[in-house]
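Each remark here refers to the structure printed beneath this line.
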Amino acid sequence: MERLLLFLFAVHFSIFAATAQQRERYEYVRNLPAYADSLIADLTYPLAWGNSDIKDFDVWKQTARQKVFDCMLTPPPAPVNGYEAKVLFEEQRDGYKARKMEIRLSRYYTVPAYVLIPDGKGPFPAVNVLHDHGGHFFIGKEKCIYPLTCEDSTVVKDAIDWSKGYDEQFFGDYLAKHGYVVFSADAPMWGERGLKEGMKRNLYDMIAGNMMMYGIDLSAYMTYDDIAGTEYLASMPEVDPMRIGCTGWSMGAYRTWMLSALSDRIRVGAAVCWMVTTDEQMSFKYSRTENGGFANCLPGLRRWLDYPHVASIACPKPMLFINGSQDKLFPVSGVEKAFKTMHDTWESQGAGDKIETELWDIPHSCDKKAQQRVLEFFNKYLKK
């Protein structure tokens, strides 16, 4: 009888938990505040180029960049003895070597990374290839570079399955075959930097909230690591530190324009499928009202700068932005507004020919055609 009662209680509790209780009054709708339109109307972006009282572009860049860093909260402490690195495994591939590395990017932690080095005499141009989000955390760097043979077969299979979003071509290996040193590291919470108990999408937000209790922003740590990883890449003897680019798809594209804006090491950036304006992305006009959550959340930044304003800190660097007209994550109207904002900035500095924005008839993807377009863009500016 006791077991039966426990069973019935468990069934009742599971039904209760699965059914959201609703009140007649409420203040939030579809994961947004009911007053979202008023919030958007109050976003004036006073530090944006053209809105700011600062008229000297170099001074504006320095001020805007510092505001972004302020909103990124406390950075991870630098490693005591520099970016110490260990080669864990190495194998020869067709035209390049592949290494699995462990690199100390902070006093707190080491970061697993893959590095591909072309055969022949360097130094070579290099690219930091930044992996996507996808709500899939089991792999990180393996989304961009084919896993080394030291990896578990489960990792290899998962990476092959995930490569469908890249038209079954590994972006990093593609670039290495064309003469680039390629670096790709796990972002915090992905791959070998995940949760011991196994990651799920909702746990990312919970962990990000807990990190904020330490005065730390998890999205900012991702960007700080991207900056530090690029510094390590520049220090490699095989790399020409004056010819470094970065690229990525989806969250990797967000990471690309953030890194391009915040690191002087990056000379060229190419972002595939992540650019929009907040007024379109966070309104009730579309079925999707947010993308990435804590993965692209910097506290208070929208009160100063919108996404394209931050990306504009990269001006006058050569930058390529590709978005898809069939991409369900980013409304085309928001993409076009963002593209115009960035073009206006580059043109104001006589660098209109250095920014290329393209809206393709594709969904949220990074197919072989997009990868080829990125390669051509890098060849134009990094192979000179």
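Extension gain, THR19 to GLU376, is 123.3 nm, computed as 0.36 nm per intervening residue step minus the present C-alpha separation. At an R0 of 51 angstrom, the distance between the Cβ atoms of THR63 and LYS177 translates into a FRET efficiency of 0.80. Note on the chain: with neighbouring protein chains present and a 1.4 Å probe, carbon and sulfur make up 54 percent of its accessible heavy-atom surface. With contributions of -39500 (n - 2.57) from each DSSP H run of at least four residues, the per-residue ellipticity at 222 nm computed over the chain stands at -11000 deg cm²/dmol.
Before I look further, what does the chain give for accessible area per residue, probe 1.4 Å, in whole square angstrom?
On the way: 18030 Å² over 384 residues.
On a per-residue basis, 47 Å².
Note on LYS383 and GLU27: their simple-model spin labels are 5.7 nm apart, each label 7 Å out from Cα toward Cβ. When both the range 321-346 and the range 241-313 are represented by their alpha-carbon centers, they are found 11 Å apart. Within the range 78-125, the chymotrypsin sites (Phe, Trp or Tyr not before Pro) that combine a DSSP coil assignment with at most 15 other C-beta atoms in a 10 angstrom radius are TYR108, TYR109.
Taking 7 Å steps out from each Cα toward its Cβ at GLN326 and TYR214 produces label points 4.3 nm apart. Each of MET212, ILE227, PHE171 was scored by the projection of its Cα onto the charge dipole of the range 146-236, and the greatest displacement toward the positive side belongs to MET212; charges sit on the C-beta of Lys, Arg, Asp and Glu. The mean sequence separation of alpha-carbon pairs under 8 Å and at least six residues apart, normalised by the residue count of the range 273-369, gives a relative contact order of 39 percent. Think of the chain as a dipole: +1 on every Lys or Arg Cβ, -1 on every Asp or Glu Cβ, centred on the Cα centre; then among THR341, TYR109, ASN31, TYR109 lies furthest on the positive end. Charge dipole of the chain (Cα centre as origin; +1 on each Lys and Arg Cβ, -1 on each Asp and Glu Cβ, all else neutral): 240 debye, rounded to the nearest 20.
Label reach from LEU88 (point 7 Å along Cα→C-beta): in the range 148-189, amide nitrogens under 15 Å belong to 148-156, 184-189. Once the chain from PHE138 to SER287 is taken as fully extended at 0.36 nm per residue, the excess over their C-alpha distance is 50.9 nm. Across the options TYR307, TRP249, VAL239, the greatest Cα extent toward the positive end of the charge dipole of the range 235-384 (unit charges at beta carbon of Lys, Arg, Asp, Glu) belongs to VAL239. Computed packing ranks the peptides 147-157, 368-378 as 368-378, 147-157, most packed first, by mean other Cβ atoms within 10 Å.
Taking every DSSP beta bridge that has both ends in the chain, the antiparallel portion is near 50%.
The values are calculated or read from the model by the stated rules, or taken from the named source; none is laboratory data. None of the values given here were measured: they were computed from a predicted structure. Methodologically, a virtual Cβ is constructed for each residue, glycine included, from the backbone with ideal geometry; neighbour enumeration extends over all protein chains shown. Keep in mind that these areas ignore ligands, DNA and RNA; they rest on the heavy atoms of the full protein, side chains included. Shrake-Rupley method; radii C 1.70, N 1.55, O 1.52, S 1.80 Å.
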